[in-house]
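Working notes for the structure below.
The values are calculated or read from the model by the stated rules, or taken from the named source; none is laboratory data. Every value quoted in this text rests on a predicted model; they were computed, and no experiment measured them. Cβ atoms come from the backbone with ideal geometry, glycine included; neighbour counts cover every protein chain shown.
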């Protein structure tokens, strides 16, 4: 794991440690109320929409490894490997903007394909 | 776009500029012959396998924006927005390890779901 220091990076890492450590309520304390998240399925407006998107993923996490984390005062990028209950190989990358210690913008990139395949496989019939 | 300096970052950015600028042969000069790429579909071994994976994506690129780029001497992370002929919204993130000016390892994260949907939509019948 490689990292450089910066205020935004500290917040990104604190958020990352919280949700990968199983404390999603703590993770949400780093999310600004009116944040915007650009996720693969589209734009999420506000912390509550973000929670509905991210909490199920966090709850299904079985293992994670931080691959890289870099940032400066305003922006940070984190890439991680993750294993979840439905999908064993689910890496992700986040680019966050931070203001006053909270994440105000997040671009999250991950592959939805294996999650869709897992969902299809779990369907009856 | 946010970036910090570092030898690995310089190489990651030179590679990025080359392939997004339409010069894939130049991009490949930054790829080490025995490199390993961990892509959503699995592991690619060597520059030739990497070229077969990445060249079609690069050739279909219609627009791109660098969102963030950070790195140090050995590692860099780049996140970008991309539009391609089959998929309008195709952001990606790459974490690269660099040795002697060439990329020896790349982890690339992107969402295959819209590409699979475009492929299905293009199928006859």
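What to note about this one:
- Restricting B:37, B:95 to those that are surrounded by 19 or more Cβ atoms within 10 Å (Cβ to Cβ), over 19 Å from residue A:70 (Cα atoms), touching a strand residue (DSSP E or B) at 6+ places or on another chain (Cβ under 7 Å) and within 14 Å of chain A (Cβ to nearest Cβ) reduces the list to B:37.
- Residue in the range A:7-17 that is surrounded by fewer than 21 Cβ atoms within 10 Å (Cβ to Cβ) and modelled with pLDDT under 95 present: yes
- Condition met for residue A:74 (over 13 Å from the mean Cα position of the chain (by Cα), at pLDDT 95 or above and farther than 24 Å from residue B:69 by Cα): no
- Complete set of residues in the range A:105-125 that are more than 9 Å from chain B (Cβ to nearest Cβ), under 22 Å from residue A:49 (Cα atoms) and over 13 Å from the mean Cα position of the chain (by Cα): A:119
- Restricting attention to the range B:54-73, the residues that are loosely packed, with under 15 Cβ neighbours inside 10 Å and outside any strand (DSSP E or B) total 3.
- When the criteria are applied in full, residue B:120 fails the requirement of being over 19 Å from residue B:7 (Cβ atoms) and in contact with a strand residue (DSSP E or B) (Cβ under 6 Å, 6 or more places away or on another chain).
- Some residue of the range A:84-101 being more than 14 Å from the chain's Cα centre (by Cα), over 21 Å from residue A:33 (Cβ atoms) and in a strand (DSSP E or B): no
- Pair list, Cβ < 8 Å and 6+ apart or interchain, from the range A:84-101 residues that are without any contact (Cβ under 8 Å) to a residue 40 or more places away in the chain to residues that are surrounded by 14 or more Cβ atoms within 10 Å (Cβ to Cβ) and part of a loop (DSSP other than H, G, I, E, B): A:84/A:60; A:84/A:90; A:85/A:60; A:86/A:60; A:90/A:111; A:91/A:111
- Residues within the range A:67-86 that are touching a helix residue (DSSP H, G or I) at 6+ places or on another chain (Cβ under 6 Å) and away from chain B (no Cβ under 11 Å), tallied: 1
- Scan of the range B:28-53 for residues that are part of a helix (DSSP H, G or I) and out of contact with any helix residue (DSSP H, G or I) (no Cβ under 7 Å at 6 or more places or on another chain), ordered by number: B:48, B:49, B:50, B:52, B:53
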